[in-house]
Amino acid sequence: MKVLSVFGTRPEAIKMAPVVKALAEAPNINSRICVTAQHREMLDQVLRLFAIEPDYDLDLMRHQQTIGDITAEVLQELIPIIEHERPELLLVHGDTTTTFAAALAAYYTHTRIGHVEAGLRTSDKYAPYPEEMNRRLTGALADLHFAPTLIAANNLRMENVPDERIHITGNTVIDALLDTVEKPCELAEYGLGAIDWSRRVLLLTCHRRENWGEPMQQIFAAVKRVLEEHPDIELVFPWHKNPLVRDTALLYLGESERIHYVEPLDYLPFCHVMRRCHLALTDSGGLQEEAPALGKPVLVLREVTERPEAIDAGTAALAGVGFDSVYAAATRLLDDEAAYRQMAQAINPYGDGRAARRIVDIIGAI
Ligand code: UD1
Ligand code: UDP
């Protein structure tokens, strides 16, 4: 059976890495890989780390690309590849524009679609934007839904997806994390030598489209105030490549010797920073799954999340995107030791590290 896996951004690559590895090892599967390169450097970092060699690289990334550009180019470039390869199944992951456009290309060519990390929902079509509709539309097109959790599976059932098409597998991010975090890593080699780990270190990531503009300005201003009021903390901010994020950060968070702006980190050092940090502030999806597994409290820089499991488990909390709410949430965790301890539990509602194997077993059996 031929399976064509298509992905294009950093998080898709991290979460698909265990799947493509398991596909390559499966004796009855002919695994082909196409990267859209919606991201370039941030994708290549992951491909290098996991030694993934794509069969096709669409090399699509442009600076200031729009989601319309990406959608159109994926359709144009991918359809001829699908027609040439004729896979029995096209596998996509998550909720990016690559995900949706690749699923649409598969539909246009009458190709069966498997959706990894299926069923995440907020029920607000603009939060997160455009991810909520990317995953809903991909779900509408998919034939096989690999739901990471029971909550995700139930979301699909509520949309009348037949039970036999839904498989609860755990999230493949846990496979990638458990594999990576155990590998040795010298942080100084990655430009992280100046961080004083005897202090409390906050890890910040922030890049989401719905946070561009006013929300991002307020988030950065709140973090700046928190830093000013806590001279004992340091901030590590591996900032996204998007110039828009960087310009906003320089204006509203500003510069200080306790703020470490670093290039997007390879996944290996990033996992080690997550493991050593005191607290993570993030609008990322993946971090909401990884940090709880490492016993790190996460303040989610969003109004809603499609990952309620970590919130229910008490290791993550919604901090919103306004100055006051972000400031209050961070200050509380820094000043109230009991509140911090209560959140700093290693709870992992997202899987046991064997999700990829389950997905490939299911594919192999169809
Ligand atoms: C995309 C996804 C988002 C995901 C995020 C992960 C969409 C619409 N958004 O958002 O769901 O959470 O990836 O990071 O699919 N850039 C580089 N080098 C890179 C990557 C990006 O220079 O390796 C710059 C480019 O200028 C590019 C810009 O970042 O135009 C934005 O990239 P894009 O993929 O459009 O959006 P993200 O915000 O990364
Ligand atoms: N990540 C990384 N280096 C960084 C920042 C994040 O390797 O400098 C990893 C992180 O561990 C997670 C994924 O990238 O697995 C999250 O990607 P991102 O925040 O770009 O996307 P999202 O999860 O929001 O879709």
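The values are calculated or read from the model by the stated rules, or taken from the named source; none is laboratory data. Computed from a predicted structure; not experimentally measured. Glycine gets a Cβ as well: all are built from the backbone with ideal geometry, and neighbour counts include every protein chain shown. The area values use the complete protein model at the heavy-atom level, side chains included, leaving out ligands, DNA and RNA. Shrake-Rupley method; radii C 1.70, N 1.55, O 1.52, S 1.80 Å.
Numbers below:
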{"quantity": "Matching option when the condition is within 16 Å of ligand 1 (Cβ to nearest atom) and on the phi > 0 side of the Ramachandran plot, among Gly213, Gly254, Gly191", "calculated": "Gly213"}
{"quantity": "Boolean, Ile166 is open to solvent by 60 Å² or more (accessible area, probe 1.4 Å) and in contact (Cβ under 8 Å) with a residue 24 or more places away in the chain", "calculated": "no"}
{"quantity": "Of the criteria (1) in a loop (DSSP other than H, G, I, E, B); (2) crowded, with 17+ Cβ neighbours inside 10 Å, which one Val92 fails", "calculated": "(1)"}
{"quantity": "Odd one out for Lys125 among (1) closer than 21 Å to Asp352 by Cβ; (2) within 16 Å of ligand 1 (Cβ to nearest atom); (3) loosely packed, with under 15 Cβ neighbours inside 10 Å", "calculated": "(1)"}
{"quantity": "All positions within the range 198-231 that are of a type in the set (Phe, Trp, Tyr) and open to solvent by 60 Å² or more (accessible area, probe 1.4 Å)", "calculated": "Trp212"}
{"quantity": "Candidates Leu75, Leu144 - the one that is open to solvent by 10 Å² or more (accessible area, probe 1.4 Å) and touching a Gly at 6+ places or on another chain (Cβ under 7 Å)", "calculated": "Leu144"}
{"quantity": "Residue pairs meeting the criteria (Cβ under 8 Å; at least 6 apart or on separate chains; first free of Cβ contacts under 8 Å to residues at least 24 places away in the same chain and farther than 20 Å from Ile81 by Cα, in the range 22-41; second among the hydroxyl-bearing types (Ser, Thr, Tyr) and open to solvent by less than 10 Å² (accessible area, probe 1.4 Å))", "calculated": "none"}
{"quantity": "Residue in the range 5-23 that is surrounded by fewer than 19 Cβ atoms within 10 Å (Cβ to Cβ) and among the charged types (D, E, K, R) present", "calculated": "no"}
{"quantity": "Met61, sole failed condition from (1) open to solvent by less than 30 Å² (accessible area, probe 1.4 Å); (2) aliphatic (A, V, I, L, M); (3) within 10 Å of ligand 1 (Cβ to nearest atom)", "calculated": "(1)"}
